[in-house]
Structures are given as C-alpha cells and as structure tokens.
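Novice: Pasting a structure here, questions to come.
The values are calculated or read from the model by the stated rules, or taken from the named source; none is laboratory data. All of these numbers come straight from a predicted model, not from anything done at the bench. Cβ: placed from backbone, ideal geometry, glycine included. Neighbour counts: every protein chain shown. We work out accessible area using only protein heavy atoms, side chains counted, and drop any ligands, DNA or RNA first. Shrake-Rupley method; radii C 1.70, N 1.55, O 1.52, S 1.80 Å.
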Amino acid sequence: MATIHVDGRDYEVQPTDNLLHACLSHGLDIPYFCWHPALGSVGACRQCAVKEFRGEDDRAGRIVMSCMTPAADGTRLSIAEAEAVAFRKSIIEWLMTNHPHDCPVCEEGGECHLQDMTLMTGHSYRRYRFTKRTYRNQYLGPFVGHEMNRCIACYRCVRFYRDYAGGRDLDVYAAHNHVYFGRHEDGVLESEFSGNLVEVCPTGVFTDRTLANVYTRKWDLKGAPSVCVHCGLGCNTIPNARYGEVRRILNRYNGEVNRYFLCDRGRFGYGFVNGPKRIRRPLLAQDDGAAEPVAPTVALGRWASLLRDGRAIGIGSPRASLEANFALRALVGPERFHAGVADAEGRLLETVVAILRDGPAPAASLRQAEDSDAVLVLGEDAPNTAPRLALTLRQAVRRAAFALAEQQKIPHWQDAAVRDAGRDVRSPLVIATPDATRLDDIAMATLRGAPDDIARLGFAIAHAIDPAAPAVEGLTESAREQAERFAALLQAAARPLVVSGYGSGGEAVIRAAANVAQALRRTGRDARIVLTVPECNSLGLALMGGAPLSAAHAALRDGRARTLIVLENDLYRRADRASVDAMLGAAEHVVVLDHTLNETAYHADIVIPAGTFVEADGTFISNEGRAQRFFQLIVAEDGVKESWRWLNEAARAAGKSNARWDTLDDLITALGEQLPALAAIRDAAPAADFRIAGNRIRSAPHRYSGRTAIHADLTVHEPKPPQNPDAPYTNSMEGYYGRMPPALYPFFWAPSWNSVQALNKFQDEVGGALHGGDPGVRVIEPRPGADSDYAQEIPRPFARRDGEWLVVPQYRVFGSEELSALAAAVAERVTGPSLGLNPEDAAMLAVVDGDAVALELGGASHVLSAQIRPALPRGVAALSIGLPGLPAVALPAWARILPAPPELRT
Amino acid sequence: MLSALRTLWLTFLHLFHRRETIRYPEQKPYLAPRYRGRIILSRDPDGEERCVSCYLCAVACPVDCISLQKTAEDGRWYPEFFRINFSRCIFCGYCEEACPTYAIQLTPDFEMSEYERRNLVYEKEDLLISGTGKYPGYSFYRVSGLAIPGKDKGEAEGEEPPVDVKGLLP
Ligand code: SF4
Ligand code: SF4
Ligand code: SF4
Ligand code: SF4
Ligand code: FES
C-alpha cells in the first residue's frame, strides 16, 4: 500500500496502479476518455490532467496525465488546482470544435461519456466559430451503427477491437485531424465481440442498431439483473425495456465472470423475446387440429383433468430455470422427470459434473482463466461454442508479456509499452481441435485431428506429466515427443488451465482433459479446468438429475405414461425426427410450456405461454457451477407467466398437494430441502422480502418519463404498475437506488456519471469486485482432499474408412444456438448449413467449395453445401449443427457423403 | 370600529377604479405571445415536422405527461406517436425550454375544457400545426451532422465537405 495526497487529503492506494485508477477507486472524479480499466492507459486524449507537486514546498507543480503517472508512495497531486481545471476544460473545448450538433438525434445522448465529461469540466459555451470536419459513415452490419462525425479520436475502439479482441477488420485510417475509425470498406464487422464497441466508445460513433429501431433514452429504460441465456458461460447482463418490450442488452459487470464484455450472441440475441412466434395466450388443439386461444382457466382445467390419473411424465429443459425444472419434477414426481437433452449429451454432462465434483482440479471462473499462464484447449472451438471464453483466452496469452514488462519495470497498465515489450512473447496456448479456430492466430501450437486422436494427445500429455496416469498405447515417436513438449509447457506454468467441453464431440476428450488437469494437480501445480456446456442451465439440469430422454419414450410406448409435459424444450432439437415423432405419437396427450412456437408445440394438445428470461425470475447454473439469479424485467399483463407458476397452478387445479408454492422463495426453499446439493442457490441473491430502509429497489431510473401519459390513450386513470411478488423490486421509479447487494443492480448510474462508466462507483476498486463481492454462488467445488482415479479408457487411434466419413459437429456462434437464431439481427448473420471437407476428400468426391453434397446419416439424406476446410483431417467431415432447418443428429457419427444428384444442385 | 369603516371606504372607492374583469367569453383578454397555454408541435421552414423525438421534453416534464416513441425515415428522426395528457399538464413550459429544435411550443390558447377527462389526451395529430410558430427561421437539420434526404454529409451550416480518408495531404 502507498499513500498519496490529493488536494490535502491522504488516500491509501496500490502503488502498482496509476493515479487515475487510484483516484477513481476512491470515488474522486477525474475526467478521462482514452483510459479504460480493461484496456489500460495510452495517454492519447490528455483529458485526465492533474497537477503533481514535488513536495510540500512545491507551489508551482506541473501538469501530468493521471492515467500515465504511477501512484507512487507520497505522490502529491491536485485535481482542483486552477491550472489543471483550466487545462482539462480547454482539452474538451478542443475535442468539441468539430463535434456535430447531434445530441438530440444521437443514440448516445443521456448516457454519453462525452456529455458527462463536458459537464464535469465545465465547458458550457462554444467559442469556436469556424467550420467543422465531417465524415461519411459505413454500413457495419446488423449489430452496430456508425456515425463518424462524433468521434473524438480516443482510439478506444481500435484498441479494443484489434488489440484486445483480435479483430482485423476495424482500423484507423487517414492522418492528422482526419483520422477515421472504420473498416477498409462498408461491410459486416467480423468479430463476434463487435457489440462491445457500443459500450467502449465514449461517444455516439458506435451505437446499438437493435436499439436504434425502437430507440429509447437510458433514463426511460427499466432494467433488471439478468443472466445470458445463449450459452453455458452465464455472462451477467442487464436487459432494458420500455413499453413492455425488451430493447437491448447491456453488459452487467461481474468481476469473476464476464467483467466488461459480452459476445454479440449474448448482446443481440434477445430479439426472440419480441419475436412474431411468441406464445402469448394458452392454446388448445381443436378436433380439426387447429389451435385456438383459450382463457387460462380453460387451459388449466383441461390440463388438470389430464393430471388426475397420475400417469403424466415430464421432460425438463437446459434452457429453463432450475425453479421451472424443479416445479415440473415436483408435479410429475422425481422418477417421472426426464432431462430434456439427448441421451449422449446427458452422459456428457454427467461426466462434466463428476469431473468438477471429484476434482482435484476446480473449475476456473473466467477471471481465473484469464489469469492462467499456460492453456491447453482440447477439442473445443471456443469462439463458436463459448464465445466470451475465447476473449478471455486472448488475454490469458498475454501473461508472459505482463511478466516480461514487470521484469523491465513497466507497469501493467502502460498498455502501449507492455504491448511493445511483449510483442513476440505469448504464454503458451495449445489448441487441438478437428478444424481451424479463430484463436489459432495466438496459439503457440495448433494440432488437427479427429476427436479420438485429440483425446489420445490429452491422455499422452497427462501421462507425460504424471507417469501414474495411464499411458497411451501405440503412440508414434513424434506424437510422444509432442505430448512431452506440451506437458513441459504446462508444468512450467504457475497457473495452467485445461479447456474442453461439449464442442469437443466426445466424452473421451473431456476425460483426457480431466486427466491432464488432475496430473498437473497431483504434481503440485495450481491447475484449473474449464469445461463448457451447451446451454444456460445445462449444468443445473444435470445437477438436478432426471431419467434420459429415451426413458420417456419407453414409458410412453409401454403405456406407463399417457400424458407428456414438455417444459421449454423443442424435442426436435434433441433427437432425430423419427424418434421424436414416435415419442409424441405414443403420448395420448402432450402439454407444452414454452415461450415461442416450435415444432414440438405444433404437436401439443395444450400450449401454455411461458415467460422468457425477462418475464420470469429464476436461477441458472453456469458451466463454472455458479448459480446466478435472473430477475423479472417485464411483468407481462397478457397470459404470459413463469413456467413454475403455471406448473404450480396446474397442481392446484388438479388438487395435488405437491408442487404448490406461493412465491419463488418458497419454491427455492423446497428445492433446497429436496436437493441439498442445490440448497446454496438460495444465496444467489436476496429474497423477495429484502428491503433497504424499508424500501424495495426501483427498476426504473429516477427520471423515468411519461408515466402519466404512457397509458393515457387507453385510460386516464393511471393504473398502478403491476408488482412482481417474487423479487424485491418496484416496477417503477419509486424505491431505493444506491449501494445494494451486488446481485441486485438493475442499472448502473451515479450522479454526473450517466454512461456505462458509472460502474466505477460500484466497485471496491476500479476493475475489481463489485461492492459486497461478485454475484453468484459456486455450487460445485471439488470435495476437500478429493482425488479421484485417472480415467483409463483411452480410445484407439482414428482410422479412416473407405467411402465413409467421421462427421464431427461444427458449431457456429450465430445460428447454432436456438434462441438467438430467432432474433432478427442475429438471423441476418446466420449462414446456411454446410459440410466441411478436407480438400483432398473434396477432390476425391469431385466437389468444390459451395457444391451441394448429400450426407447420408442416421437413415436420412441431407443436402448441404460443401465447404472446403484445409485444416480438417482427411476422413473427417464437419457438419454445421443446430442451424434452423437442419435435423438433430447425434455426433460424432460415421456417414456416407456423395456429390448431390444434379437435380438437387441449385 | 375604525378599521371596519376604513374597509367600507376602500371598497367604496373601488367603484371608481378601472375595471379588470372582462366579459369573458364574449370579450377575450389580451395574452402575450409567450403566454403558456395549449401546447403545439410546430414544423420547420420546409414544412417538415420539427420534432426529432429526442425525449428531452418528456424528461423535463415535472408531471411526466408527455410520452412518445422515436422512429426514423431516411435518417430523419420522428416521433412515431407523441402524446400529451393535458389533464395532467401544469403548463410550466419546461418542455419548451428543453426542446432543442423549437418543435414544442406553448401558445396563448387556454380554452381547452372538456367534460370527459380522456378528451384531454392529445396525440400527435392533435398537436401538430402547419406553421413554424414562434421561431420562424430555425431548422435543426440545417445545423446537425446527420445526413437526411436533400442534405448530405458536409452540407449543413458551417460544415466542411466529408474527409477523403485515403488522402494524405496535410
Ligand atoms: S456523442 Fe455525446 S456529445 Fe456527441 S452528439 Fe452524441 S450524445 Fe451528444
Ligand atoms: S470511434 Fe469512439 S472509441 Fe473510436 S476513437 Fe472515436 S470516439 Fe474513440
Ligand atoms: S459468451 Fe455465452 S453467456 Fe456470454 S454473452 Fe456470449 S452467449 Fe452469452
Ligand atoms: S424536446 Fe422537442 S424535439 Fe425533443 S421530443 Fe420534445 S418536442 Fe420533440
Ligand atoms: S485518460 Fe489519460 S490521457 Fe486519456
């Protein structure tokens, strides 16, 4: 700790920080632009000037940039000193000479860092009377808008996009005061992290296009803490709503998880909530097969009559909350509850749970992953399966650069200097996947192979680290040497990390990853493991348990069950068409609870309108084992209700005594009693009766406007806003806002800080944990002293087959995930289904890139467009999966591939 | 006693003062142009809607009686709907103060009584007039940086032509 003296007061600070960081951490206000807590300092904007004095007798002092000056012990500085104040004011005045007269028509207005800083410095009158520079804008795709006139040349955008996120297609062009931030030509921004530009840019140059169509100012947007539903990482988000409609997703800082950034799937995938296929009222199938909207009581009455004979079974869902799954489980009985995932995926998830529970390597949070100084990726194409993790790994490889900088006495926040010093050094990242990944550019080594070969490499590395781990038979000399080399890299690291997961296409790969982590632990390394899971609550569902999907089919076929209740799940994404058809056909009655019409819903007798993540409260468990609560943002006034509440009402209507709770907290208590392993989810967030000074927390900013006019076209009597009984929020601007338990922040705002950078005021230290600790509770930790046995089953080496290919899954960041693909903006980025082939294999089949090929798999033939993937090993084909219009297939699997018959080529 | 007499006397004197009360409604009082009565939305000199749907009037309104939604056409921002609940409005004029485009203006008309409260809810069609109101010359888009049909980048007042990003000349 060091002491600095700021305007006559003493503050305890970290000497390794810079003055700006240190002062902001203590709640002092210094204007700034180019510095960003995750990007470091470059000293480009000159806005953060303060006066530094050499000692008590130094009266003159000198102007320094606080972001470029270390917070060394004994530093004396003044923020309020007249010359510093004047300096900062004139800097803003210069930045503003070319600034357009745009605030009223600027999407940044009201949450603009430039507006905030202009006010803070007191620049209120424009003296400059000459012409302004202008630019032409570019089309950057469906996510991000561009209005270059507003740029103040802080360089944050390119520093984030290129240096931090590894993007290539955004850069700075032109010279002197003409610098231009954009692409070399109009076109879609390639990086899957482009949406962060909206929050990173301190002005209105880059704005959220999905919001622009229904633009609303920040002060009019209600918020609620939420959790991303588009992959298993559980990034924290704040969805914003106005007029009962979600209009954007903002990042919600969680120091252990997503920190400052989201991926574009998470940020722009929310569109499904407002989609045309939303189910808003209960539907009842009529005799002629058509579905008619009915009153809730009618639907419940019919449903209750089906429940009374006690022969109902339920299928849960990895995209529904723990609470909804538990309510279904309670309604039908634990032994009649089925996990709604493909059997193979269910086994894979069980393996993941076993690995995380038996240890010895604990799961890494994203922050811990970022701190790793050597990473082995086995089978996982992170940019497509768990995008935010890929961004994390990009930072992990910089550990070596930071270490080198430290040796050279360069502070870690001196961004340009650290990057210069570490230009050629990277911490080891080894990526072994079937196909090329978008992380390969930073990898020390990349290996391509079939899943079994990747697993063998993993097992070999584990054996090389700890000879007690099983050895791999029949390894070539070079493969053994390679494994030993990688083993040495991991052993040389202080905090090695192993990454694998559902994208790897097989349990063997995951077990191999576990062996490596275990071997590292046994040999005394502080190793951690990241295992990705496909959906937002995959791990929660796995922890809850449930019979496999095939058991549900069997029960229906044998007549042990008559009614099938499907919770938020499109079964056609879980198993092949024939078996789902057979299962639904075998059920006498099908009840579907979901928010969006899907194929399964078309087979239902009763369709119940379930709430999405914005119309419900609940808990998801992320791949790390972190239970995180999401809160209701929109209290729907039509038929839409939380799934657990519908299930609860069905239980009451059927006169059942189980599955009956009045509030979410009652349900969570019951869940904790019946499933002690999940009891800790109660601590994920405060209960609904939580109050601060007797007040609920307000979900709308204090200047939420228009409340006596919003409904005036319908009624002038100003109906009381509906109240959510399950959360400690008001549904209006009345209530408390200020420091609160960190899981509850519905938005971030502080006086004078209207932009997202208000966050500084809510952290212990800028860039550190939120006041009161980062939200979420870990429900899986390795048992103390746990040390399970090594996995022993090592697969045989991959052998090509004549006329057959091993089809492995190829995930797409846009398209493979069900819900985001329904969002209009994301749908624009989804490209058609394809089959990746090695060039030589393609030549053998006489197909070129884009040709139609027929894939004969699981008794069906699918016509796909061939994609030449030079990195794919021969004999392996990569099938894009999860895309709309592609059937569900269990992969990896062997299949025949033929050039498509001419009549099918288009 | 004395004060009662004085009061009577003063009241008596009022008989000879100039009369302030007028015979409304036959006779109309004079109201200054800046009187704060019924609110209108004006148009710019080109006849286009002035309101750019910036929400500043709505946020300035102390009784929150303005509600609107932005939409856009060819880059120009408009309110998709614009509603004022005059049964709540206190005619403080803050909306006019806040408006960066002179779109929203208070007028010297106060005769808007209704028997039904809901008839005091005015929508954009009821608010929009065809003229410029108090500020005849002002057009926001002539000074803002947004490109709209008929005014490309660099064509607003005081703007240079767009930068050629490939040029390296000083
Ligand atoms: S970037 Fe900020 S200051 Fe500039 S026009 Fe937009 S809101 Fe106004
Ligand atoms: S576009 Fe935004 S982030 Fe980039 S330099 Fe300009 S103001 Fe800074
Ligand atoms: S990485 Fe996953 S959880 Fe995070 S924002 Fe993207 S889709 Fe959502
Ligand atoms: S302040 Fe003026 S321009 Fe802005 S929304 Fe109101 S009327 Fe329209
Ligand atoms: S923030 Fe310090 S110079 Fe920009």
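Novice: Could you work out the relative contact order of region A:355-537, using alpha carbon pairs under 8 angstrom and six or more residues apart, expressed as a whole percent?
Specialist: Worked out over region A:355-537, it gives 29 percent.
Novice: Could you compute how fast region A:443-527 diffuses translationally, taking Rh as the Kirkwood radius over C-alpha pairs and applying Stokes-Einstein at 37 °C with viscosity 0.692 mPa s? Give it in µm² per second.
Specialist: It diffuses with D of about 259 µm²/s by this estimate.
Novice: Collect residues whose amide H, placed 1.01 Å from N in the peptide plane, falls under 5 Å from the amide H of A:Arg259; neighbours closer than 5 in sequence don't count.
Specialist: Amide H to amide H, under 5 Å and 5 or more residues apart or across chains, A:Arg259 pairs with A:Asn254.
Novice: Next question, about the same structure. What is the Cα convex hull volume of region A:569-683 when expressed per residue in Å³?
Specialist: Dividing the Cα hull volume of region A:569-683 by its residues yields 143 Å³.
Novice: Report, as an integer, the average count of C-beta atoms from other chains found within 10 Å of each Cβ along B:137-150.
Specialist: Average per residue, whole number: 3.
Novice: Follow-up. Count, for each residue of B:60-68, the Cβ atoms from other chains sitting within 10 Å of its Cβ, then give me the mean as a whole number.
Specialist: Mean inter-chain Cβ contacts per residue within 10 Å come to 5.
Novice: Each residue of region A:436-453 in order: what ³J(HN,Hα) in whole Hz does its phi give by Karplus 6.51 cos²θ - 1.76 cosθ + 1.60, θ = phi - 60°, with x for Gly and Pro?
Specialist: 5, 10, 7, 9, 4, 5, 10, 7, 6, 8, 10, 10, 10, x, 5, x, 5, 5
Novice: Taking H placed 1.01 Å from N in the peptide plane, check which residues at least 5 places from A:Gln810 or on another chain put their amide H under 5 Å from its amide H.
Specialist: Answer set, sorted by chain and number: A:Leu879, A:Ser880, A:Ile881.
Novice: A further question on this structure: Where only protein heavy atoms count, and the probe is 1.4 Å, what is the accessible area per residue for region B:35-142 in Å²?
Specialist: 44 Å²
Novice: Now a separate question. Name the GluC sites (Glu not before Pro) in region A:36-127 that are in a loop by DSSP and that have at most 10 other C-beta atoms within 10 Å, would you?
Specialist: A:Glu56
Novice: Another question about this same structure. Report the per residue volume, in Å³, of the convex hull enclosing the C-alpha atoms of region A:2-80.
Specialist: 80 Å³
Novice: Against the empirical 2.2 N^0.38 Å scaling, what ratio does the C-alpha Rg of region A:768-827 come to?
Specialist: Working it through for region A:768-827, the quotient is 2.08.
Novice: What are the extents of the Cα atoms of region A:98-274 along their three principal axes, listed from largest to smallest and rounded to whole Å?
Specialist: Principal-axis extents of region A:98-274 (Cα, largest first): 52, 35, 30 Å.
Novice: Evaluate peptide B:93-101: per residue, the Cβ atoms of other protein chains within 10 Å of its Cβ; return the mean as an integer.
Specialist: The per-residue average across the peptide is 1.
Novice: Could you rank the peptides A:10-18, A:115-123 by their average count of other C-beta atoms within 10 Å per residue, with the highest value first?
Specialist: A:115-123, A:10-18
Novice: Between region A:12-59 and region A:434-491, what is the C-alpha centre distance in whole Å?
Specialist: 46 Å
Novice: Please turn the phi angles of region A:292-304 into ³J(HN,Hα) values with the Karplus equation 6.51 cos²θ - 1.76 cosθ + 1.60 (θ = phi - 60°), one per residue in order, whole Hz, x for glycine and proline.
Specialist: My calculation for region A:292-304 gives 10, x, 9, 5, x, 5, 5, 4, 5, x, 5, 4, 4 Hz in order.
Novice: Measure of size requested: the Rg and Dmax of region A:623-713, with Cα atoms as the atom set and Å as the unit; please supply both.
Specialist: When restricted to Cα atoms, region A:623-713 yields Rg and Dmax of 17.2, 51 Å.
Novice: Could you estimate the translational diffusion coefficient of region A:805-904 from the Stokes-Einstein equation, with Rh from the Kirkwood formula over C-alpha pairs, at 4 °C and 1.567 mPa s, in whole µm²/s?
Specialist: Rounded, D is 95 µm²/s.
Novice: Which order do A:Ser124, A:Ser834 take when ranked by solvent-accessible area (1.4 Å probe, heavy atoms of all protein chains), largest first?
Specialist: Order by accessible area, largest first: A:Ser124, A:Ser834.
Novice: How much length is gained if the chain between A:Ala445 and A:Arg800 is pulled fully straight, taking 0.36 nm per residue apart and subtracting their Cα-Cα distance, in nm to one decimal?
Specialist: 125.4 nm
Novice: Shifting gears a bit: When only DSSP loop residues count, what GluC sites (Glu not before Pro) in region A:823-900 have their Cβ near at most 15 other Cβ atoms within 10 Å?
Specialist: A:Glu828
Novice: Okay, next question. What does DSSP give for region A:805-904 in terms of the percent of beta bridges that are antiparallel, rounded to the nearest 5?
Specialist: Expressed as a percentage, antiparallel bridges in region A:805-904 total about 60.
Novice: Report, in listed order, any pair from A:Lys89/B:Lys70; A:Lys89/A:Lys761; A:Lys132/B:Lys124; A:Lys132/A:Lys222; A:Lys277/A:Lys720; A:Lys720/A:Lys761 with a Cα-Cα distance greater than 27 Å.
Specialist: A:Lys89/B:Lys70; A:Lys132/B:Lys124; A:Lys132/A:Lys222; A:Lys277/A:Lys720; A:Lys720/A:Lys761
Novice: Give the separation of the Cα centroids, region A:835-901 to region B:1-74, in Å.
Specialist: Region A:835-901 and region B:1-74 have Cα centres spaced 74 Å from each other.
Novice: A further question follows. Starting from 0 in steps of 10 Å, tell me what percent of the Cα-Cα pairs of the protein assembly as shown lands in each bin.
Specialist: 2, 10, 17, 21, 20, 15, 9, 4, 1, 1, 0, 0, 0
Novice: Compute the projected area of the convex hull of the Cα atoms of region A:355-537, averaged over all viewing directions, and report it in nm² to one decimal place.
Specialist: 10.4 nm²
Novice: Next question, about the same structure. Normalising by the residue count of chain A, find the relative contact order in percent from Cα pairs under 8 Å and 6+ residues apart.
Specialist: Result for chain A is 14 percent.
Novice: Still on this structure, please answer the following. At 20 °C and 1.002 mPa s, what whole-number value in µm²/s does Stokes-Einstein give for the translational diffusion of region A:713-757, with Rh from the Kirkwood sum over Cα pairs?
Specialist: Value of D from the Cα-based Kirkwood radius: 162 µm²/s.
Novice: Return the equivalent ellipsoid semi-axes of region A:705-839 as a descending list in whole Å, where each equals the square root of 5 times an eigenvalue of the C-alpha gyration tensor.
Specialist: With the √(5λ) rule applied to region A:705-839, the semi-axes are 48, 29, 17 Å.
Novice: Here is a further query. With θ taken as phi - 60° and the coefficients 6.51, -1.76 and 1.60, list the Karplus ³J(HN,Hα) couplings across region A:148-154 in order, rounded to whole Hz; mark glycine and proline as x.
Specialist: Per-residue couplings from phi come out as 5, 3, 8, 5, 10, 6, 7 Hz.
Novice: When only Cα pairs under 8 Å and 6 or more residues apart are kept, what is the percent relative contact order across region A:122-227?
Specialist: 30 percent
Novice: Now a separate question. How are the alpha carbon pair distances in region A:554-631 distributed across 5 Å bins from zero to the largest one, expressed in percent?
Specialist: 3, 15, 20, 19, 16, 12, 11, 4, 0
Novice: Bin width 5 Å, alpha-carbon pairs only: give the P(r) of chain B as whole percents, running from 0 to the bin holding the largest distance.
Specialist: Calculated over all Cα pairs of chain B, the distribution is 1, 7, 13, 15, 14, 10, 8, 7, 6, 5, 4, 3, 2, 2, 1, 1, 0, 0, 0, 0 percent.
Novice: Taking trypsin sites (Lys or Arg not before Pro) that fall in a DSSP loop and have at most 11 other Cβ atoms within 10 Å as cut points, what is the longest piece of chain B between them?
Specialist: Excluding the exposed sites themselves, the longest stretch runs over B:24-165.
Novice: Two-decimal Rg/Rh of region A:437-592 from alpha-carbon positions, Kirkwood Rh?
Specialist: Rg/Rh: 1.13.
Novice: Give me the extension gain from A:Leu898 to A:Arg9: residue separation times 0.36 nm, minus the current Cα-Cα distance, reported in nm with one decimal.
Specialist: Stretched fully, the A:Leu898-A:Arg9 segment lengthens by 312.3 nm.
Novice: Based on the mean of other beta carbon atoms within 10 Å per residue, what is the order of A:280-290, A:477-487, most packed first?
Specialist: Listed from highest to lowest mean packing, they are A:477-487, A:280-290.
Novice: Here's another thing I want to ask about it. Determine the total buried accessible area between chain A and chain B, counting protein heavy atoms only with a 1.4 Å probe; round to the nearest 100 Å².
Specialist: 3700 Å²
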